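Each value in this text was obtained by applying a stated rule to the coordinates, not by laboratory testing. Remember, it's a predicted structure, so these values are computed and weren't measured experimentally. Cβ: placed from backbone, ideal geometry, glycine included. Neighbour counts: every protein chain shown.
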Amino acid sequence: MLISRGNLKLGVLPSFSLPVITTCPGKTPFCDRYCYGLKGNFILQNVHDANERRLDATLRSNFVEIIVREVRQAKSPAFRLHVIGDFYSEEYIEKWIDIAEQLPIVIFFGSTRSWRCEFLAETLKRFRDLANVYMKASVDLTDSLTPQGCGWSTWSVEGEGLTCPHDEGKVTNCLDCKRCWTRKELNVNFRLRWGKTAEYITSRFF
């Protein structure tokens, strides 16, 4: 099984992740310091090994076939892409375009920092603009680029947008909220999970 079946925040929603940092060509210095993929359960060896196996699987010719089958078996209305990890190549994005087109009744949602990468930008926009894809540009206060001018809505850390209800303790999980995968134009703001906001804002990266 390549997909994961939920976590504390997602609830029962399935997801797919990749190794942190090494598959993130659009990462910022903030990512190297504060990415939650470098903390908590994500650093466990079994989690690391599982994500490495997924990366290997993305390179195989039957990756699309496998994911389509597993997502159908999950029978979930929505699918979270990249709890950690990101879109690392055009070919990889094309595979998710194929998957989403084969599964038009499933909503694919998440965020990406790869919107900053010129060599991925156009292919990523094609994926983003599919009717059943709700992909946001991931940003932080160290960003000098503005994704809104490129047609992106955002997931930001301690930035602009409506605060994630889960961060405020108002919902149990993403399935209770549905905000991120029912409103394409919505900007969402998340709290900094590890570290202090004041330290983040005044860090040497800002």
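Descriptive notes on the structure:
- If you take all other residues with their beta carbon under 12 Å from the beta carbon of residue 39, and give Lys and Arg +1 and Asp and Glu -1, the sum is +2.
- Computed [θ] at 222 nm, deg cm²/dmol, the chain (DSSP H ≥ 4; -39,500 (n - 2.57); rounded to nearest 500): -9000 deg cm²/dmol
- Working from label points 7 Å from Cα in the Cα-to-Cβ sense, the residue 170 to residue 36 distance is 1.7 nm.
- Overall Cα dimensions of region 11-78 - principal axes, largest extent first, Å: 37, 30, 24
- Each Lys or Arg adds one and each Asp or Glu takes one away; over the other residues whose Cβ falls under 15 Å from the Cβ of residue 60, this sums to -3.
- Between residue 48 and residue 65, full extension at 0.36 nm per residue minus the direct alpha carbon distance yields a gain of 3.8 nm.
- Ranked for footprinting exposure by Cβ neighbours inside 10 Å, fewest first, 86, 140 give 140, 86.
- Relative to the longest principal axis of the Cα atoms of the chain, the long axis of helix 90-102 lies at roughly 60 degrees.
- Pairs of lysine residues in region 13-201 - Cα separation under 21 Å, sequence separation of 8 or more or cross-chain: 14
- Residues within the reach of a label modelled at residue 73 (point 7 angstrom out along Cα to beta-carbon, backbone nitrogen below 14 Å), restricted to region 51-67, are 65-67.
- Peptides 58-69, 36-47, ordered by how many other C-beta atoms sit within 10 Å of their residues on average, highest first, read 58-69, 36-47.
- With a simple spin-label model that places each label point 7 Å from the Cα along the Cα-to-Cβ direction, the separation between residue 56 and residue 186 comes to 3.8 nm.
- Cβ-based exposure ranking for 146, 28, in which fewest neighbours within 10 Å come first: 146, 28
- Intensity falloff of region 86-135 expressed as log10 I(q)/I(0), Debye formula with alpha-carbon point scatterers, at q = 0.19, 0.27, 0.31 Å⁻¹: -0.53, -1.05, -1.32
- Ratio Rg/Rh [Cα only; Rh per Kirkwood] for the chain: 0.93
- Spin-label pair residue 94-residue 146: with each label point 7 Å from Cα along the Cα-Cβ axis, the two points sit 3.4 nm from one another.
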